[in-house]
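Quick notes on the structure that follows.
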Amino acid sequence: MPPMDSTSTAFPGWRERLAGLGRAVLDLVLPPRCLACGELVDAQGRLCAECWGDIGFLYGRQCRVCGIPLPDVSAEAPICGRCLDEPPAFDRARSALRYDGVARRLVLRFKHGDRIDGAATFARWMAKAGSELVASADLVIPVPLHRWRLVQRSYNQSALLASAIGEDAQKPVLVDGLVKLRATASQQRLDAAERRRNVRAKDFALGPKARQVVPDRRVLLIDDVLTTGSTASACARCLLSSGARAVDLLTLARVVRDPEAPISI
Ligand SMILES: [Zn+2]
Ligand SMILES: [Zn+2]
C-alpha cells in the first residue's frame, strides 16, 4: 500500500472556499439565521427552537447494514428484510436525519446554495451518527457530481461534508477520488428499479490519485441523502473493483419509508 499524505489528499481551505462563495462572509455581518427556516437564532450553524423540535434525528435500534430504524426487534444486531434479500455493495450505511420536513428543507437549501454554511454543523451530526464508520475509515471520498452539474452548481455539497468530516476526524479526504463519467438523468420520481438502471458502477471511475491509494483501504463514502442506495452502491462497486478493502456510507439524511415508492427530492 502506498503511503497517504493527508495534506495532499485533503481538501485544504474548504472553509475559506465557503467564504469565497459568499454566504459565510455575509454571515459575519448579518445576524445568524436558522439553517432550515431563516428565523433569527443565537449563533451561526443553528436551528431555531421550532425546527429543532421538529427535526428527526435517527437513533436507537437499526439495521446493522443499512441503518434503517427497526423499532420492534429484539436481536442484538438486527438486519432488515431488504438487506437480507439484496445485500448492498457497501458494508454499513448510517445517516444523521430522517429525510422529511425540516431535514428536507435543510438538505435542499444546502444543496442549492442558499445555506452551505451549514456544512460544519451537518458534519458534526453525521460524525456522531456514524462514529464507528468514521473511526474505522482509512480514507474519505464524496459521491461525485458530473462536471456539467458541478458547473451549474459551482460546488459539490457532498465534497463539503466529506471535507468537514475528514478535517474534524483527521482522516485523509480525496474530494476527486471518484469521478462521474456520464451525466445520468435526474433520479427524481424514479422508483428503485429505475434508479438502478439509471446509475451503474461503470458510470464512475477513480481519479488518478485514488487509483494509487484506494487499494486495500477502507473507504468512507459521503453523500447528502440516501434514498434507494443505487448511486452509493454504484460508487461502492467501482471502489471495490478498484481494490478497496471495504466501503461504508455516511449520509446527512435518509429516506425512511417504502423504498420501492417513487421519491421526490
Ligand atoms: Zn427554524
Ligand atoms: Zn438494512
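The values are calculated or read from the model by the stated rules, or taken from the named source; none is laboratory data. These numbers were taken from a predicted model, which means no experiment stands behind them. A quick note on method: Cβ atoms are made from the backbone with ideal geometry, for glycine too, and the neighbour counts reach across all protein chains shown.
Summary table below
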| read-out | value |
| --- | --- |
| Only one of A43, A36 that is away from ligand 2 (no atom under 11 Å from the Cβ), closer than 30 Å to R115 by Cβ and surrounded by 14 or more Cβ atoms within 10 Å (Cβ to Cβ) | A36 |
| Which numbered condition D91 misses (of (1) within 12 Å of ligand 2 (Cβ to nearest atom); (2) among the acidic types (D, E); (3) out of contact with any strand residue (DSSP E or B) (no Cβ under 7 Å at 6 or more places or on another chain)) | (3) |
| Selection within the range 46-85 - over 18 Å from L252 (Cα atoms), away from ligand 2 (no atom under 14 Å from the Cβ) and buried (at least 17 other Cβ atoms within 10 Å of the Cβ) | C48 |
| Enumeration of residues in the range 231-251 that are modelled with pLDDT of 95 or more and under 14 Å from C66 (Cα atoms) | A236, V247, D248, L249, L250, T251 |
| Enumeration of residues in the range 196-222 that are more than 13 Å from P88 (Cβ to Cβ), part of a strand (DSSP E or B) and touching a residue at least 40 places away in the same chain (Cβ under 8 Å) | F204, R218, V219, L220, I222 |
| The range 227-246 residues that are at positive phi, paired with ones that are of a type in the set (D, E) (beta carbon under 8 Å, 6 or more apart) | G243/D216 |
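Every residue, every condition in (1) assigned by TED's automatic domain parsing to the domain that holds L240; (2) surrounded by fewer than 19 Cβ atoms within 10 Å (Cβ to Cβ); (3) within 21 Å of G56 (Cβ to Cβ), yes or no:
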| position | (1), (2), (3) |
| --- | --- |
| S95 | yes, no, yes |
| Y99 | yes, no, yes |
| A119 | yes, no, yes |
| V143 | yes, no, no |
| I165 | yes, no, yes |
| A169 | yes, yes, no |
| V179 | yes, yes, no |
